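Peer 1: What follows is a single structure, and I will ask about it in a moment.
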Amino acid sequence: MGSKIHSTVVFENGFSGTGNTDNGYSVKIGRHGAAPYDLLCMALASCLYATFLDILNKKRINFEGAEIDVSGEKRSEIPTFLEICLVSVSIKGLAKTDRQAAEKSFELATKYCSIYQTLLKVAKLEWRVSFE
């Protein structure tokens, strides 16, 4: 059996709440915080980055950081699930000689990222990598 995950969201006064993790982290959700699809996009970006980082660490490729921009489009029919999603990654402070390896590493990250693979079952996902 895989690892267990758990979070609790407490809602007050309509669609306004706070999500809490067992690790002690909190996220404002709803009217005064992130919407469900905002959280989904952030989950995708963070999962991809963690996977990408693991791959680069194994290859001993160093860089300063990255920015991951996730945009999507929901279909208009109900249920309005995600139909298209574009992930744009900008990698900072990477040696020019490592760029091709970094791009291949990100491609590999899409294959191992569980959230990317889950969303791929319902949406068309595209990605691109650029360097600063």
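Peer 1: Evaluate the charge dipole of the chain about its Cα centre and quote only its size in Debye, nearest 20, assuming +1 on the Cβ of each Lys and Arg and -1 on the Cβ of each Asp and Glu.
Peer 2: 360
Peer 1: Can you find, among L39, Y112, N57, the residue sitting farthest towards the positive end of the charge dipole of the range 36-131, where Lys and Arg contribute +1 and Asp and Glu -1 at Cβ?
Peer 2: Projecting each Cα onto the dipole axis, the largest value belongs to N57.
Peer 1: Right, here's the next one. So which aspartates and glutamates pass the test for K104, namely a Cα distance under 20 Å, with those fewer than 8 places away in the same chain ruled out?
Peer 2: Partners found: D54, E64, E67, D69, E126, E132.
Peer 1: So, with +1 on the Cβ of K and R and -1 on the Cβ of D and E, and no other charges, what is the size of the charge dipole of the range 73-127 about its Cα centre, to the nearest 20 debye?
Peer 2: 140
Peer 1: With 20 Å as the limit, write out which pairs from K4/K58; K59/K111; K74/K111 have Cα-Cα distances beyond it, or answer none.
Peer 2: Going by Cα-Cα distance, K4/K58; K74/K111 fall outside the 20 Å limit.
Peer 1: Taking neighbour Cβ counts within 10 Å as the exposure measure, how do F131, F106 sort from fewest upward?
Peer 2: Ranking F131, F106 by Cβ neighbours within 10 Å, fewest first, gives F131, F106.
Peer 1: Could you calculate the FRET efficiency of F15 with K124 from 1/(1 + (r/R0)^6), where r is the beta carbon distance between them and R0 is 25 Å, rounded to 0.05?
Peer 2: Calculated value: 0.30.
Peer 1: State the label only: which of [x] 25, 18, 13; [y] 23, 18, 13; [z] 30, 18, 14 corresponds to semi-axes √(5λ) of the Cα gyration tensor in Å computed from the shown model?
Peer 2: Working out semi-axes √(5λ) of the Cα gyration tensor in Å from the coordinates points to [z].
Rule-based calculations on the coordinates, nothing more; no lab input. In this text the structure is predicted, and so the values were computed from the model without any measurement. Neighbour counts run over all protein chains shown; Cβ positions are idealised from the backbone, glycine included.
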